[in-house]
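Take a look at the structure below.
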Amino acid sequence: MESFLQKLKRLDAYPKVNEDFYKRTLSGGVVTLVAAVVMLLLFISETRSYFYSATETKLVVDTSRGERLRVNFDISFPSIPCTLLSVDTTDISGEQHHDIRHDIEKRRLDSHGNVIEARKEGIGGTKIERPLQKHGGRLDKGEQYCGTCYGAEESDEQCCNSCEEVREAYKKKGWALTNPDLIDQCTREDFVERVKTQQGEGCNVHGFIDVSKVAGNFHFAPGKGFYESNIDVPELSLLEGGFNITHKINKLSFGTEFPGVVNPLDGAQWTQPASDGTYQYFIKVVPTIYTDIRGHKIHSNQFSVTEHFSDGNIRPKPQPGVFFFYDFSPIKVTMERIKMHIRFSV
């Protein structure tokens, strides 16, 4: 057994030197320290190189047709009450949507920008038409108002020009007014009361709208419901000097966001000068497909923007509001995250 171990010992390719022959030097210690640092740096560099990923960008022609686009927004108007604010969309194909309410939440703001109330019920209140006449038509300019009593008239000459007069007519008939929201006079008076209550407030609007993937615009316009109602409310002093469309865009994006995307209007704000007018954003949307390292694709968009303000003192007077005009680039960007494996050769 001992002879076998001796033979195995002779096969040692790394014979040990007797410690008596060792000599430790300062230069040897420096070389050892430098070598250890270099090896550590090479190890870190190789590890980072293995996990490092780069973005490969390509440009292709966008051949997609008939798609829909989701526009996400979060915009604050410090000087326009929520009741007077509406959002509309229109595009070159003729598709129009007025006073959009679904998928939008409004927040009433005080003069310091603090939230007073939040409701997920869309922008503005019930759409107010011109006053409903007794004969069934709407009140025209120069025409005397005589409101309907909704079948509770005691004579052909009786008019109900207020919600209270309709209630009294129903009461005399022994009827119950179960749904005042369907009574024109009640709806109009509620609208005016809300405008008075929210005077001096602001509004934060956030949510999303779904539009066709063609050129078009969406805009936030104040006062639409008020002017269409043809209501004379002289005590609403905020309307005498026009509307203050000062605004801050907290967030604006087209489609699903992806890592590294930069939305140029996020955090942008504009303060209205002395006169009112129309503020316009002209947006060029670039379709983008982002593919992560695992191969998961995100269909989204990037965009660039220019801005313009139209003074309200010119003629014809522009509609006050904030308009976003968008168009699509014929070029699509594909972005793919790929791993970069770097190897060193000696």
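The values are calculated or read from the model by the stated rules, or taken from the named source; none is laboratory data. Being a predicted model, the structure only gives us computed values, none of them experimental. Every residue, glycine as well, gets a Cβ built from its backbone with ideal geometry; the counts of neighbours run over all protein chains shown. Surface areas here come from the heavy atoms of the whole protein model, side chains and all, with no ligands, DNA or RNA. Shrake-Rupley method; radii C 1.70, N 1.55, O 1.52, S 1.80 Å.
Sort out which residues of segment 160-178 are at pLDDT 80 or above, outside any helix (DSSP H, G or I) and farther than 14 Å from Thr148 by Cβ, and write them in order of number.
Matches in segment 160-178: Trp175 only.
Within segment 69-86, take every residue that is modelled with pLDDT under 90 and not in a loop (DSSP other than H, G, I, E, B) and give me the one that is nearest to His219 (Cα to Cα).
Once the filter is applied, the top-ranked residue is Ser86.
What pairs can you find where one residue is in segment 285-303 and touching a residue at least 24 places away in the same chain (Cβ under 8 Å), the other is part of a loop (DSSP other than H, G, I, E, B) and of a type in the set (S, T, N, Q), and their Cβ atoms are less than 6 Å apart, with a gap of 6+ or different chains?
Going by the 6 Å Cβ cut-off, the qualifying pairs are Val286/Ser329; Ile298/Thr256; Ser300/Thr256.
Read through the list (1) within 30 Å of Pro273 (Cβ to Cβ); (2) at pLDDT 70 or above, then give the number of the only condition that Ser93 fails.
The one condition Ser93 does not meet is (1).
Filter segment 24-60 for residues that are open to solvent by less than 100 Å² (accessible area, probe 1.4 Å) and under 30 Å from Val285 (Cβ atoms) and give the result.
Ser53, Ala54, Thr55, Glu56, Thr57, Val60
With respect to Glu336, is the statement that it is out of contact with any Cys (no Cβ under 7 Å at 6 or more places or on another chain), in a loop (DSSP other than H, G, I, E, B) and closer than 30 Å to Ala54 by Cβ true?
no
Across segment 89-116, what is the number of residues that are more than 16 Å from Leu69 (Cβ to Cβ), among the acidic types (Asp, Glu) and assigned to a strand (DSSP E or B)?
The number of residues fulfilling the criteria is 1.
Of all residues in segment 56-86, count the ones that are of a type in the set (Gly, Ala, Ser) and closer than 14 Å to His247 by Cβ.
Qualifying residue count, segment 56-86: 2.
If you take the residues of segment 107-117 that are modelled with pLDDT of 85 or more and among the charged types (D, E, K, R), which of them is most open to solvent (accessible area, probe 1.4 Å)?
This residue is Arg107.
Quick one: count up the residues across segment 200-243 that are at pLDDT 80 or above and in a loop (DSSP other than H, G, I, E, B).
6
Select from segment 80-106 the residues that are surrounded by 15 or more Cβ atoms within 10 Å (Cβ to Cβ) and hydrophobic (A, V, I, L, M, F, W, C) and list them in ascending order.
Hits for segment 80-106 are Ile80, Cys82, Leu84, Leu85, Val87, Ile100, Ile104.
Go through segment 153-196 and report how many residues are among the polar types (S, T, N, Q), open to solvent by 30 Å² or more (accessible area, probe 1.4 Å) and in contact (Cβ under 8 Å) with a residue 60 or more places away in the chain.
Here the count works out to 0.
Out of the residues in segment 296-319 that are part of a loop (DSSP other than H, G, I, E, B) and modelled with pLDDT under 85, state the one that is least open to solvent (accessible area, probe 1.4 Å).
Gly312
State whether one or more residues within segment 263-281 are aliphatic (A, V, I, L, M), under 18 Å from the mean Cα position of the chain (by Cα) and either farther than 24 Å from Asn72 by Cα or surrounded by fewer than 18 Cβ atoms within 10 Å (Cβ to Cβ) (or both).
yes
Which count do you get for residues in segment 275-295 that are among the aliphatic types (A, V, I, L, M) and in a loop (DSSP other than H, G, I, E, B)?
Step one: of segment 275-295, the residues among the aliphatic types (A, V, I, L, M) are 283, 285-286, 289, 293.
Within this subset, residues satisfying the condition of being in a loop (DSSP other than H, G, I, E, B) are 293.
Of the residues in that region, 1 qualify.
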